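A.B. asks: My questions will all concern the structure given below.
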Protein chains: 2
Amino acid sequence: MKDRTLLMIPGPIEFEPEVLQALGAPTSSHVAPEFIEVFGQALERMRKVWLCPSGQPFVVAGSGMLALEMAVVNLIEPGDKALVLSTGVFGDRYADLLRRYRAEVKLLRAPLGETIPLQQVEEALAKHQYKLMTITHVDTSTGVRTDAKSLGAIASKYDTLTVLDGVCSVAGEELRQEEWGIDVALTASQKAIGVPPGLALLVASPRAIEAWRRRKTPVGNYYADWKNWLPIMSAYEARKASYFATPPVNLICALNVSLERILGEGMEARFARHQRFKRAFQEALRVLGLKQVPTDSRHAAATLTAPYYPSGITGSEFLPKVKAAGVTLAGGLHPDIKDRYFRIGHMGAETAGNLLATIGAIEAGLEKCGYQFELGAGVSAAQRILRS
Amino acid sequence: MKDRTLLMIPGPIEFEPEVLQALGAPTSSHVAPEFIEVFGQALERMRKVWLCPSGQPFVVAGSGMLALEMAVVNLIEPGDKALVLSTGVFGDRYADLLRRYRAEVKLLRAPLGETIPLQQVEEALAKHQYKLMTITHVDTSTGVRTDAKSLGAIASKYDTLTVLDGVCSVAGEELRQEEWGIDVALTASQKAIGVPPGLALLVASPRAIEAWRRRKTPVGNYYADWKNWLPIMSAYEARKASYFATPPVNLICALNVSLERILGEGMEARFARHQRFKRAFQEALRVLGLKQVPTDSRHAAATLTAPYYPSGITGSEFLPKVKAAGVTLAGGLHPDIKDRYFRIGHMGAETAGNLLATIGAIEAGLEKCGYQFELGAGVSAAQRILRS
């Protein structure tokens, strides 16, 4: 099925052979002792990857969108105030989603490629008491990374619950959920977690669980209700079977393999590696003369890079040439600039070799499009950072 | 991971090697031409498996519970009347789910092991105008199969939309969605569809789509809203990429392989084979002297069998002995009789050989528990039906 190009989009990513092998292995019963052990281990490992030792992990069949929904629907009651910080398409979508559950939403939008000044967030929180605030850690549509640590600290001051959309960050960007006071941090399997798509993953703080327990109205969604899932997660973690819906057995086996690999690398080494990969891309694009959507490299993501095409070059011209050179990249997603930029995913288990191959293919594409630059300058700049 | 016993539970089932191979193959981009073709084919094939040429298929990452939710949440508005026909745990759950979305629910419950008389359903429909009626085609907790054809016909008379929970039926039990006037028929991948768990699958009639379009209030759930998914399904079927949430690429590749196999067998042959397998189980259990939860074999499922343990034998004694003899079966699920019966799944691609192996292991378990019967009588009775 898959062609032989490297898949360097912001998810699905290139998955490790061991992960794919676990996925394609014969399926056991969801109540078989072997599977109970695997599911229990995966839940324990999630706490370590999220750096949230007191957190409650949830693993549910669904896409990242379901994780976004599950994170807020358990906390919001009709009429509750929610502050949404938007740095792209996914922040805006969070506002839509919250309104669906009759939250009163205040949307703060950053200008394209920028973040929202912390002071502006603090002013908003000081002005009204918000039940929760959503943060997009990395918005896939812009490549902008927000300062989740500082935002968590500010929200704590105002007793506001924080929900972090970590779809493009968890297990790639630095995230210390418990230390930073993030109440729910969520992601999808096909991103830096390194498992084919189909799992919604989230970890909730004790404060989030407590807020859910104290709610006065039923959760406005059945499938995403923690009431259905909490007993299941607790049972599997205690190495007992329990049933609400059939768990996605194969995906959970693959998840457990990938989490073990992630912890084998170590979270600190993993964060550092993603920072190094980011610097390699930033430097390569700088010497190639490509501008990026994030207006400052300090708030550019470590998991993906979003460069503009050079003037006069279009995506429909450029991307097939990069693919012909061996690498699949993603087009734009943000409606304001959809056709003016592209996206490179470099999260998860990618090797330095894959990064060089990617920059090499970008150079090849640029050359074929007639762009003037010194061939090899990008890979050389990246190499100096990757091997330092 | 999986032990070497045959997995004969009501899902996950034993999956075909080709299906597992497709699942574990390297993941392509969700917008790669190869994947767009696969997804498009899978949608087209669903119409043929559901026998619903005018239907709109939906494939979404999630469990069967999500399919149940998606089927009704798009049709129900707060205050709408819904009639729920319950023949076990899953019918009761549908009533809970519908109440969550503020439907006014009338629950008709069959006595354990029985169906609801058609006349009683017709009386209920004649008395009040219901927006929709839910039918559990086969309730996994009881093994009772309802007469979906007649129920569809009655509902049509009263202009009531029908939602069929086909989790334990689609691609096993006879189902002719369009001919029978069923508006939404749903299932999960790990049942007779033959794909590891993680996909919610449903087909909606033009009448259901029209009812959704005419609704006055927004759908009370974001992830399950057809508004988000209909453009995606239409795009992939037209062999174009589109994005709302990342589709579960590997599971969809596996689904397409399995649907091709199902259509290769042919729906009529498949229905007939499941009927033959049912008769083999019915006859084997009769000669072994085991009673069943369904009170009449005419309304027993063709996809699973739910026998009571002989008196004096418990599940904790019996099931491990069956497993030691090579076959994993499922315990009870219905709270009223949980410890008094067990469940055998025989849906999907199971061969006659697997059926004999299963009955042989049941005989071995009975013998080890000290049950008095003629060893070999069960397999012999089944064999006469399977080879006739």
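No value in this document is a laboratory result; all are computed from the given coordinates. Keep in mind that what you see is a predicted model, and the values were worked out from it rather than measured. Please note: Cβ atoms are built from the backbone with ideal geometry, for glycine as well, and neighbour counts cover all protein chains shown.
A.B. asks: What base-10 log of the normalised intensity I(q)/I(0) is obtained for the range B:22-177 from the Debye formula, alpha carbons as equal point scatterers, at q = 0.08, 0.20 Å⁻¹?
C.D. replies: -0.26, -1.31
A.B. asks: Restricting things to alpha carbons, tell me how big the protein assembly as shown is in terms of Rg and Dmax, in Å.
C.D. replies: When restricted to the Cα atoms of the protein assembly as shown, Rg and Dmax are 26.8, 88 Å.
A.B. asks: Which of A:GLN383, A:THR295, A:ILE13 sits farthest toward the positive end of the charge dipole of the protein assembly as shown, with +1 on the Cβ of Lys and Arg and -1 on the Cβ of Asp and Glu?
C.D. replies: Checking the options against the dipole of the protein assembly as shown, the answer is A:THR295.
A.B. asks: In nanometres, what is the gap between the two model label sites at A:GLN21 and B:LEU112, each 7 Å from Cα along Cα-to-Cβ?
C.D. replies: 4.7 nm
A.B. asks: Something else now. What is the ratio of the Cα radius of gyration of chain B to 2.2 N^0.38 Å, with N the residue count, to two decimals?
C.D. replies: Working: Rg = 20.9 Å, N = 388, 2.2 N^0.38 = 21.2 Å.
Cα-based Rg divided by the globular estimate yields 0.98.
A.B. asks: Between the range B:183-197 and the range B:331-373, what is the separation of their alpha carbon centroids in Å?
C.D. replies: 23 Å
A.B. asks: Another question about this same structure. Sorted from shortest, what are the nm distances separating the label point of A:GLY331 from equivalent points in the other copies, each placed 7 Å from Cα along Cα to C-beta?
C.D. replies: 5.3
A.B. asks: If you scale each eigenvalue of the Cα gyration tensor by 5 and take the root, what three semi-axes come out for the range A:253-383, rounded to whole angstrom and sorted largest first? If you can, show how the numbers build up before the last one.
C.D. replies: Values: eigenvalues 140, 49, 44 Å².
After diagonalising the Cα gyration tensor, the semi-axes are 26, 16, 15 Å.
A.B. asks: Going highest first, how would you order A:65-74, B:94-103 by mean Cβ packing within 10 Å? Let's see the in-between values first.
C.D. replies: Numbers: A:65-74: 27.1, B:94-103: 20.8.
Ranked by mean Cβ neighbours within 10 Å, highest first: A:65-74, B:94-103.
A.B. asks: While we're here: If packing is taken as the average count of other Cβ atoms within 10 Å, what order do B:139-147, A:312-320, B:279-287, A:105-113 fall into, highest mean first? Numbers along the way, then the final one.
C.D. replies: Values: B:139-147: 27.7, A:312-320: 14.4, B:279-287: 21.3, A:105-113: 17.3.
Ranked from most to least packed, the peptides come out as B:139-147, B:279-287, A:105-113, A:312-320.
A.B. asks: Which value in deg cm²/dmol, rounded to the nearest 500, describes the helix-derived mean residue ellipticity at 222 nm for chain B, given -39,500 (n - 2.57) per DSSP H run of n ≥ 4 and division by the residue count?
C.D. replies: On the way: 14 runs with 167 residues, N = 388.
Computed mean residue ellipticity for chain B: -13500 deg cm²/dmol.
A.B. asks: Right, something else. Using Cα-Cα distances under 8 Å and only pairs 6 or more residues apart, what relative contact order does chain A have, in percent?
C.D. replies: Working: 812 pairs, mean separation 92.5, N = 388.
So the answer I get is 24 percent.
A.B. asks: Calculate the length of the line joining the C-alpha centroid of the range A:215-244 to that of the range A:282-299, in whole Å.
C.D. replies: 44 Å
A.B. asks: In degrees from 0 to 90, rounded to the nearest 10, what is the angle of the helix A:33-49 Cα long axis to the longest principal axis of chain A?
C.D. replies: On a 0 to 90 degree scale, this one is about 70.
A.B. asks: Further, regarding this structure: How high is the relative contact order of the range A:189-275, in percent, with contacts defined as C-alpha pairs under 8 Å that are six or more residues apart?
C.D. replies: Working: 37 pairs, mean separation 28.6, N = 87.
Reported relative contact order: 33 percent.
A.B. asks: Nearest to the axis that maps chain B onto chain A: list the chain B residue whose Cβ wins, with the distance in whole angstrom.
C.D. replies: Spelled out as residue then distance in Å, it is B:GLY24, 1.
A.B. asks: Moving to a separate point now. If one takes the longest principal axis of the Cα atoms in chain B, at what angle in degrees, from 0 to 90 and to the nearest 10, does the Cα axis of helix B:315-324 lie?
C.D. replies: Once rounded, one gets 90 degrees.
A.B. asks: Which net charge results for the neighbourhood of B:TYR309, defined as the other residues with beta-carbon distances under 9 angstrom from its beta-carbon, given Lys and Arg at +1 and Asp and Glu at -1?
C.D. replies: Numbers: positive: B:ARG340; negative: B:GLU317, B:ASP339.
Within the 9 Å Cβ shell, the charges total -1.
A.B. asks: Place the label 7 angstrom along Cα→C-beta at B:LYS106 and in each other copy, then list the distances from the first to the rest in nm, shortest first.
C.D. replies: So the label point of B:LYS106 gives 4.8 nm to the other copies.
A.B. asks: Using a 7 Å offset from Cα along the direction of the beta-carbon, what are the separations from B:GLY266 to the same position in each other copy, nm, ascending?
C.D. replies: Result for B:GLY266, in nm, nearest copy first: 6.4.
A.B. asks: Same structure, new question: Quick check on packing: order A:241-253, B:33-45 by the mean number of other C-beta atoms within 10 Å, highest mean leading. Intermediate values should be presented prior to the final figure.
C.D. replies: Numbers: A:241-253: 23.6, B:33-45: 18.7.
Taking the mean over residues of other Cβ atoms within 10 Å, the ranking is A:241-253, B:33-45.
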